[in-house]
Amino acid sequence: MTAFQEFRCVLGDCCFAPGELDYTCPQHGELGTLDIVYDYESLRASLDRDAISGGQIANHWRYLPLLPLAPDSQLPSLSVGWTPLYCAPRLAEKLGMKQIWIKDEGVNPTGSLKDRASSLVVARALQAGIEVVATASTGNAAAALAGLGAGLEQIEIVLFVPHDAPPAKIAQPLAYGAHVFLVDGSYDDAYELCTRACAEFGWYSRNTGVNPFTTEGKKTVALEIAEQLGWRAPDVVAVSVGDGSIISGIYKGFWDLLQLGWIEKLPRLLGVQAEGSAVLANAWRAGLSPAAIKRRAVRTIADSIAAELPRDRSKALRAVRESHGAFVTVSDKHMLESIPLLGRLCGVFAEPAAAAVAAGVEQALQEGIIDSNDEICLVSTGNGLKDIDRVRESVAGALPIPADVDVLRARLEEIGLL
Ligand SMILES: *Cc1c(COP(=O)(O)O)cnc(C)c1O
Ligand SMILES: [Zn+2]
C-alpha cells in the first residue's frame with residue numbers, strides 16, 4: 001500500500017491515476033509537469049513524525065511512506081541522503097546573518113544532491129521491470145544515475161553528457177559501468193537527443209523536469225531539513241538553480257509537510273542563478289508565465305547550473321512565487337570566491353554551482369530580499385572534487401619547499417607561522 005493518490009498537472013486541474021502515465025500532462029505538454037499527490041488524510045492518521053525520528057534508517061528511505069513506492073519495493077543499495085545539517089556561526093558572522101545552517105549534499109554517495117532523484121527513478125525502474133534508463137546531464141545527474149544503477153544486472157544506464165563537462169563528471173559514470181555518450185553540443189542539445197532516443201528506443205527517461213519521480217526524490221532534502229531542525233521550517237532556504245528541479249523538489253517537500261500539519265509555514269525559497277545563465281531569474285523579475293520563457297544561450301563556469309531552457313520552469317516559478325521567495329543572480333567570480341569561504345568557515349567543500357548559494361545570500365542581503373535576522377538554510381548541492389580545476393582557480397597555490405627543515409623554518413618566519 002502506498003498513499004500515492006494521483007498525478008496533478010502543475011498548470012491546471014488535470015489529474016491522472018498512478019500508473020496512467022510516466023511523464024508530463026498530455027494536455028499541457030512539456031510545461032505540464034506533474035506533482036505526485038498523496039492521500040494526506042490517511043497519512044495524517046497513520047504516520048507519526050516522532051516514530052520517523054526515533055527510527056533506525058539513516059538515509060532518505062526513512063521517508064518511504066511519503067514516497068510513491070510500496071513498502072515492499074526493491075530499493076537500490078546505495079545509502080542516499082540523511083546528510084549533515086551544520087550550524088555555521090562563522091559563516092553567519094562573516095555574511096552578517098544571525099543564524100545560518102548548511103546542508104552538505106556533497107557527501108551523498110556520488111557527491112551531489114542528484115542521488116536523491118536517481119534513487120527514486122531506479123527504484124521505479126526496478127518496480128516496473130524497465131531495462132534501460134537514460135538521462136541527459138551536465139554531469140552530476142549522470143554520475144548519480146550510473147551510481148544508483150551500478151551492480152543491477154537487469155538495468156542498463158545510458159547517459160548523454162555535453163563534451164565540455166568537467167573530466168571527473170565523465171570519468172565517474174564510466175567507472176560505474178554506464179554507457180556514456182559525449183554530445184557535440186550544449187547540455188540542452190544533449191537533453192533533446194536523449195528525449196528523442198527515449199521516444200525512439202522505448203527507454204525510461206530520468207530527464208530533469210519530465211519525470212515526476214525526480215521531484216519526489218529531491219523533496220527528501222526538505223524533509224530532512226525540517227526534521228533536523230526539530231520538525232519546523234527555517235525562514236529561508238537558499239539553493240542554486242539551473243533547470244529548476246531542485247528548488248521545485250524543496251518546495252514540494254515542505255508543501256507535503258504543511259499538508260500533514262508537521263510544519264507551520266513554508267520557508268521562502270531563494271533561487272540563486274549565475275549571471276550568465278539566468279533564464280528563470282529574468283522570467284521571475286519580468287513576471288513571465290512559464291509559456292513565455294524562451295531558450296537562450298548561456299555562459300558560466302558553473303556547469304551544473306547552465307541551462308538554456310530550464311526544464312522545470314513551471315514548477316520552479318511556482319516554488320518561488322508561492323513561497324514568497326525570490327531569485328538573485330551572482331557572478332562567476334563571486335561564485336569562485338565562495339568556494340574557499342565555505343571551505344574555511346564551515347569545512348564544506350563545494351563545486352562552483354554549490355558555492356554559488358553563499359554568494360547568493362550576500363547578494364540577497366544587499367538587495368534587501370532577506371534580513372539579517374532571518375534564519376536561513378543553505379543547500380550545498382555538490383562536492384568540490386567534481387570540478388577540481390575550478391577549485392584550483394579559487395585558491396592560492398601550495399608552497400613549494402625542499403626537504404630541508406632550515407629552509408622550512410625561514411619560510412615559516414616569512415609567513416608569520418613562527
Ligand atoms: C543539478 C545541480 C544544480 C541545479 O539543480 P537544478 O535542478 O538544475 O536547478 C545545482 N548544483 C549542483 C551541484 C547540481 O548538480
Ligand atoms: Zn495539464
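Every read-out reported here was derived from the displayed coordinates using simple, explicitly stated rules and does not represent laboratory data. No experiment lies behind these values; they were computed from the predicted model shown. Cβ: placed from backbone, ideal geometry, glycine included. Neighbour counts: every protein chain shown.
Would you mind telling me which residue in GLY96, GLY19, GLY253 has the biggest mean-square fluctuation in a Gaussian network model of the chain, where springs connect alpha carbons within a distance under 10 angstrom?
The residue with the greatest mean-square fluctuation here is GLY19.
Restricting to Cα pairs below 8 Å that are 6+ residues apart, what does the relative contact order work out to for region 278-418? Please round to a whole percent.
Reported relative contact order: 20 percent.
Report, to the nearest 10°, how far helix 245-260 tilts away from the longest principal axis of the Cα atoms in the chain, using its own Cα long axis and a range of 0 to 90°.
Long axis of 245-260 versus the principal axis of the chain: about 60 degrees.
Expressed as a whole number of Å, what is the distance separating the alpha-carbon centroids of region 25-72 and region 297-357?
27
Dipole magnitude of region 52-157 about its Cα centre, charges +1 at Lys/Arg Cβ and -1 at Asp/Glu Cβ only, in debye to the nearest 20?
With Lys and Arg at +1 and Asp and Glu at -1, about 560 debye.
If we count every other residue with Cβ under 14 angstrom of ASP104's Cβ, Lys/Arg +1 and Asp/Glu -1, where does the sum land?
Result for the local shell: -1.
Could you tell me which of GLN5, ALA117, VAL272 has its Cα farthest along the dipole of the chain towards the positive end, charges placed at Cβ (Lys, Arg +1; Asp, Glu -1), taken about the Cα centre?
VAL272
List residues of region 240-269, by number, whose backbone nitrogen lies under 15 Å from a label position 7 Å along Cα→C-beta of THR2.
Hits in region 240-269 for THR2 at 15 Å: none.
Output the antiparallel fraction of DSSP beta bridges having both residues in the chain, as a percent to the nearest 5.
30
For a quick protection proxy, order the peptides 120-129, 397-406, 357-366, 175-184 by their average other-Cβ count within 10 Å, most packed first.
Result, highest mean first: 357-366, 120-129, 175-184, 397-406.
Go through the cysteines of the chain and tell me which have no other cysteine Cβ under 4.7 Å away.
Result for the chain is CYS15, CYS87, CYS194, CYS198, CYS346, CYS377, no neighbouring Cys Cβ within the cutoff.
Which entries of LYS94/LYS252; LYS265/LYS386; LYS94/LYS315; LYS98/LYS294; LYS114/LYS294 have Cα-Cα distances beyond 27 Å here?
LYS94/LYS252; LYS265/LYS386; LYS94/LYS315; LYS98/LYS294
For a label point 7 Å from the Cα of LEU418 along Cα→C-beta, name the residues of region 370-405 whose backbone N is under 14 Å from it.
402-405
Any idea what the relative contact order of the chain is, in percent, if you count C-alpha pairs under 8 Å spaced at least 6 apart?
For the chain, the relative contact order is 16 percent.
Among LEU67, LEU78, ALA17, which residue has its Cα positioned farthest towards the positive end of the charge dipole of region 1-88, with +1 placed on the Cβ of Lys and Arg, -1 on the Cβ of Asp and Glu, and the dipole taken about the Cα centre?
The one lying farthest along the dipole's positive direction is LEU78.
For every other residue with a beta carbon closer than 10 angstrom to the beta carbon of PHE254, add +1 if it is Lys or Arg and -1 if Asp or Glu, then tell me the sum.
That sum, taken over residues with Cβ under 10 Å, equals +2.
Multiply the residue gap between ASP13 and ALA291 by 0.36 nm, knock off their C-alpha separation, and tell me the result in nm, one decimal place.
98.4 nm
Springs between alpha-carbon atoms under 10 Å, Gaussian network over the chain: tell me which of ASP48, ASP303, ASP387 tops the mean-square fluctuations.
Among ASP48, ASP303, ASP387, the largest GNM mean-square fluctuation belongs to ASP48.
So for region 86-218: antiparallel DSSP bridges make up what percent, rounded to the nearest 5?
Bridges in region 86-218 are about 15 percent antiparallel.
May I ask you to list the residues of region 66-102 whose amide nitrogen lies under 16 Å from a point 7 Å from Cα along the Cα→beta-carbon direction of SER372?
Within reach of a label on SER372, which here means backbone N under 16 Å from a point 7 Å along Cα→Cβ, region 66-102 contributes 89-100.
If each of GLN127 and GLU308 carries a label point 7 Å out from its Cα toward its Cβ, how far apart are those two points in nm?
3.5
Calculated from DSSP H runs of 4 or more alone, at -39500 (n - 2.57) each and per residue, what is the 222 nm mean residue ellipticity of the chain, nearest 500?
Helices in the chain give a 222 nm mean residue ellipticity of -12000 deg cm²/dmol.
Under 1.5 on a/c is rounded, so check that first for region 189-314, then, if it is not, pick prolate when a/b is larger than b/c and oblate when it is not; a ≥ b ≥ c are the square roots of the alpha carbon gyration tensor eigenvalues.
Oblate, because a/c is 1.5 or more while a/b does not exceed b/c.
Going through region 291-380, which trypsin sites (Lys or Arg not before Pro) have at most 16 other Cβ atoms within 10 Å and a DSSP loop state?
Hits after loop and neighbour filter: LYS294, ARG295, ARG296, ARG299.
Treating only the Cβ of Lys, Arg, Asp and Glu as charged (+1, +1, -1, -1), what charge dipole size does region 139-272 show about its Cα centre? Round to the nearest 20 debye.
In total the dipole reaches around 400 debye.
For every other residue with a beta carbon closer than 12 angstrom to the beta carbon of LEU64, add +1 if it is Lys or Arg and -1 if Asp or Glu, then tell me the sum.
Spelling it out: positives minus negatives among the neighbours equals -1.
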